[in-house]
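Every number in this text was worked out from the coordinates using simple rules, so none of it is lab data. For clarity, every value in this text was computed on a predicted model and none was experimentally measured. Virtual Cβ from ideal backbone geometry, glycine too; neighbours counted across all protein chains shown.
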Amino acid sequence: MRCPFCAHDDSQVKDSRPTEDASAIRRRRQCSSCGARFTTFERVQLREVVVVKAGDPERREPFARAKLEQSVALACRKRGIEQERIDQLVSGIQRQVETSGDSEVSSQRIGEMVMEGLRQIDSVAYIRFASVYRDFSEARDFEEFASTVRDVGHDG
C-alpha cells in the first residue's frame, strides 16, 4: 500500500479489525520509509458496476462508493445523524447495486435509493438531497416538495 505522506510503496499492517457494521476491514498501517501511520479500509466488491448518467446516457462511469458517501454526508451535514447510520445506508445501497445482477445502473435509480433511505432517517436531509437531485430552482420548488413530506423520527 502506497504511503499517502511520502508515496513509498511499502507499508506494514500494524492492526486489523472489522468496522462497526462489519462491512469492511479497518487496517492501521505504518510506512517502512518515513514511519507515518495511516488507516485503510478494505471492502468486498461483488462486481464491477457502471453508472449511466441521467442527463447523458452515453456517459458512463464506474460506481464509486466514495461519491455516494459524499452526497449522503452532504445532505446529512449538521443534522446530528450518527455516522454509523449513514454508513449503513451507503452500504445497503452499494449492496443493492452490486447484487442486482445488472452490470449497469442508472444514476436516477441510485438517486431514488438514496432518497428512499434518507426519507426513513431525516426529513431535512431528504429535502436537501431532493433539492439537488430534482434540481430545485426556486423557493416554490422547496415549498411544494416539503408540503408532501411527512416529518420522520430524528434521533439527533
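Computed from Cα atoms, the angle from the helix 65-76 axis to the main principal axis of the chain rounds to 50 degrees. When a/c is below 1.5 the answer is rounded, else prolate if a/b is larger than b/c, else oblate, so apply that to the stretch 50-156 with a ≥ b ≥ c taken from the square roots of the Cα gyration tensor eigenvalues. In terms of gyration-tensor shape, oblate.
Applying a 4.7 Å Cβ-Cβ cutoff to the chain, the cysteines left without a disulfide-compatible partner are Cys76. Comparing Val124, Ser11, Val90 along the charge dipole axis of the chain, the residue lying farthest to the positive side is Ser11, per the Cβ-charge model. Rounded to the nearest 10 degrees, the angle from helix 83-99 to the longest Cα principal axis of the chain is 90 degrees. Net charge dipole, the stretch 64-146: roughly 240 debye, given to the nearest 20, about the Cα centre with Cβ charges of +1 for Lys and Arg and -1 for Asp and Glu. This model, with +1 at the C-beta of Lys and Arg and -1 at the C-beta of Asp and Glu, gives the chain a dipole about its Cα centre of some 660 debye. Reported to the nearest whole Å, the Cα centre-to-centre distance from the stretch 1-54 to the stretch 57-73 is 19.
Relative to the longest principal axis of the Cα atoms of the chain, the long axis of helix 107-121 lies at roughly 80 degrees.
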